Amino acid sequence: MIFEQYYLECLSHASYLIGDQTTGRAVVVDPQRDVSAYVEDANRLGLTIEMVIETHFHADFLSGHLELAEATGAQIVYSSVAQTEFESVGVADKERLALGEVILEFRHTPGHTPESMSIVVFENAAEPEPFGVLTGDTLFIGDVGRPDLLASIGHTREELASALYDSLHDKLMTLPDQTRVFPAHGAGSACGKNLSTELSSTIGEQKATNYALRAPDKAIFMALVTEGQAPAPGYFAYDAILNRKNRALLDEDEMPAALSFDQVQSALAAGAVLVDARSAEDFALGHLRGAINIGLAGRYAEYGGSVLPHDADIVLMTDPGQEREGKNRLARIGFDRVIGYLADPEEAMFTHAEEVRTASRLTAAAFDERITSIPDLQVVDVRKPTEVADGAVAQALNIPVGDLPGRLDELDPQRPTVVYCAGGYRSSAAASLLRREGFTDVSDILGGYGAWAESHQHA
């Protein structure tokens with residue numbers, strides 16, 4: 001057996017290549033949208049990718065099943081419960097697929113979504129115990145899939161939580177304790193609230209340590225997994241629907257168009273959004289008016305999908321050489337309307353200095369001075385509620401960054417405003433969004449809440 005795990009840090013996303021050396025037959029499970037790595041590795045290993053298997057309709061990224069099917073001729077496989085607008089094959093609960101000696105057994109595990117399934121992997125048919133199980137978003141390391149993402153489209157979170165309990169206890173926890181667990185996501189994903197940084201575990205370890213699996217009954221389980229979930233990023237519903245549809249394919253090698261300053265200004269006047277993908281530090285030193293700062297060095301696609309409209313044209317401003325990466329990483333969540341990038345941004349800002357703005361970033365001490373000296377200071381905490389529960393600035397209003405576009409009416413654009421997150425990445429994005437929306441005096445905190453809390457420990 002050939003078993004390869006691919007982990008995409010910026011989306012906390014794991015995908016898998018499974019092949020049989022005796023036959024050269026292979027499958028890819030839950031692929032990211034830019035699929036060249038799977039194709040290259042299969043060629044290098046002498047494998048033919050025959051199937052692209054999806055454990056469910058993903059909400060947090062746009063999967064690469066169509067791209068991989070186009071590149072390899074592979075069939076697209078879902079649970080038989082799933083209905084797609086493109087050609088796909090449905091597999092029944094407990095159905096088995098032999099790649100040769102390697103055997104895959106499909107188990108329907110609804111709960112995170114109605115069509116969720118897991119894949120039990122046997123190294124050969126003679127082995128009584130499986131090598132491992134690919135659990136999709138049903139079982140994570142340290143957590144289970146959240147059951148509330150589909151609550152608004154035909155299923156209540158209580159119905160899904162009940163189904164999730166049954167799936168875990170009847171389909172996964174019945175596997176031998178030594179069975180390896182390979183989920184579709186790790187720490188940082190909004191598909192759960194307590195995901196581990198570990199990329200694999202065992203059924204036995206999860207029985208012993210996973211808070212959800214340790215719940216003594218279904219009622220307590222349902223209460224545990226439905227409370228305290230962070231708001232889903234705004235693009236989740238868009239991607240969950242788009243993953244069912246026939247759509248345009250990504251050309252990951254294609255460069256976006258180079259645009260002059262005047263072309264960029266014309267696009268912005270027509271409604272496009274300018275995304276400055278440089279670091280928060282460089283953005284603060286100088287950026288074009290109206291730009292939203294979402295740095296490529298962080299969770300760029302996730303927070304891009306949280307604050308950008310999916311139906312708007314996007315113009316990129318990046319460090320030289322990062323333009324294609326900026327386009328492809330937005331494409332991973334289905335944001336395909338990147339119409340180009342600003343050519344030679346330094347020259348453009350030097351030549352058009354009247355359009356350049358700086359961003360105010362406060363040290364923890366300077367923030368404390370503002371709290372003392374400005375009675376009507378508006379403080380916004382853009383972290384997740386689970387982060388806020390561990391400590392926050394007393395007078396801060398908590399609006400997670402993904403909720404900010406829809407909750408602007410809770411804030412006064414005329415009041416001096418300070419935004420903070422954990423370390424400064426999300427706050428730069430949030431502060432730039434507020435400035436774009438007409439807020440007149442906006443700062444964020446250097447180092448975020450971590451720096452502020454540390455300064456108060458030593459005070």
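Quick one: of the DSSP bridges fully inside the chain, what percent are antiparallel, nearest 5? Beta bridges within the chain, antiparallel portion: roughly 45 percent.
Multiply the residue separation of residue 177 and residue 80 by 0.36 nm, subtract the distance between their alpha-carbon atoms, and state the gained length in nm to one decimal. Don't jump to the answer; show the numbers that get you there.
Values: separation 97, 0.36 × 97 = 34.92 nm, distance 2.79 nm.
Stretched out fully, the residue 177 to residue 80 stretch lengthens by 32.1 nm.
So, for the stretch 258-357, what is the accessible surface per residue at a probe of 1.4 Å, expressed in square angstrom? Could the numbers behind the result be given before it?
Numbers: 3970 Å² over 100 residues.
Per-residue value: 40 Å².
Normalised by residue count, the chain yields a Cα convex hull volume of 150 Å³ per residue.
Taking the protein heavy atoms of the chain in the context of the full set of protein chains, the accessible area attributed to carbon and sulfur is 49 percent at 1.4 Å. Remark: the stretch 99-164 carries 29 Å² of accessible area per residue (probe radius 1.4 Å; ligands, DNA and RNA excluded).
The residues of the stretch 361-458 present an accessible area of 43 Å² per residue when probed at 1.4 Å with all protein chains retained. At full extension, residue 89 and residue 45 could sit 13.3 nm farther apart than now, given 0.36 nm per residue minus the alpha carbon distance. Between residue 185 and 14, the built amide H atoms are under 5 Å apart, and every one of these is 5 or more places off in sequence or on another chain.
Among the aspartates and glutamates, which fall within straight-line cross-link reach of residue 245, defined as a Cα-Cα distance under 18 Å, with same-chain neighbours fewer than 8 residues apart omitted? Here the aspartates and glutamates satisfying the reach criterion relative to residue 245 are 30, 34, 54, 60, 67, 70, 85, 87, 115, 311, 336.
Can you list, largest first and rounded to whole Å, the semi-axes you get for the stretch 2-243 by taking the square root of 5 times each eigenvalue of its Cα gyration tensor?
On the way: eigenvalues 144, 85, 50 Å².
Equivalent ellipsoid of the stretch 2-243: 27, 21, 16 Å, largest first.
Across 5 Å bins from 0, what is the distribution of all Cα-Cα pair distances for the stretch 258-357, in whole percents? Spelled out per bin, shortest first, that is 2, 14, 28, 28, 19, 8, 1. For residue 202, the amide hydrogen comes within under 5 Å of the amide hydrogens of 181, counting only partners 5 or more places away or on other chains and with H modelled in the peptide plane.
Quick check: with the 1.4 Å probe, what order do 368, 177 take by accessible area, largest first? Intermediate values should be presented prior to the final figure.
On the way: 368 45, 177 80 Å².
If we order 368, 177 from most to least accessible, we get 177, 368.
Residue 277 sits among other residues whose Cβ lies under 15 Å from its own Cβ, and their net charge, with Lys and Arg +1 and Asp and Glu -1, is -1. Across all C-alpha atoms in the stretch 184-311, the radius of gyration and Dmax reach 20.5, 64 Å.
In this simple spin-label approximation, residue 7 and residue 159 carry label points 7 Å from Cα along the Cα→Cβ vector, and these lie 3.6 nm apart.
For the stretch 119-133, the Karplus equation 6.51 cos²θ - 1.76 cosθ + 1.60, evaluated at θ = phi - 60°, returns couplings of 10, 8, 10, 10, 5, 7, 5, 6, 6, x, 10, x, 5, x, 9 Hz by residue, with Gly and Pro reported as x. Among 1, 255, the sequence by solvent-accessible area, most first, with a 1.4 Å probe is 255, 1. Taking a label point 7 Å from the Cα of residue 124 along the Cα→Cβ vector, which residues of the stretch 80-101 have an amide N closer than 13 Å to it? From the stretch 80-101, the list is 100-101.
So for the pair residue 169, residue 360, with labels modelled 7 Å out along Cα→Cβ, what separation do we get in nm? So the label points at residue 169 and residue 360 sit 5.6 nm apart.
The values are calculated or read from the model by the stated rules, or taken from the named source; none is laboratory data. The model shown is predicted, which means the values in this text are computed figures rather than measured ones. Positions of Cβ are backbone-derived with ideal geometry, glycine not excepted, and every protein chain shown enters the neighbour counts. Calculation scope for accessible area: heavy atoms of the full protein, side chains included, ligands and nucleic acids excluded. Shrake-Rupley method; radii C 1.70, N 1.55, O 1.52, S 1.80 Å.
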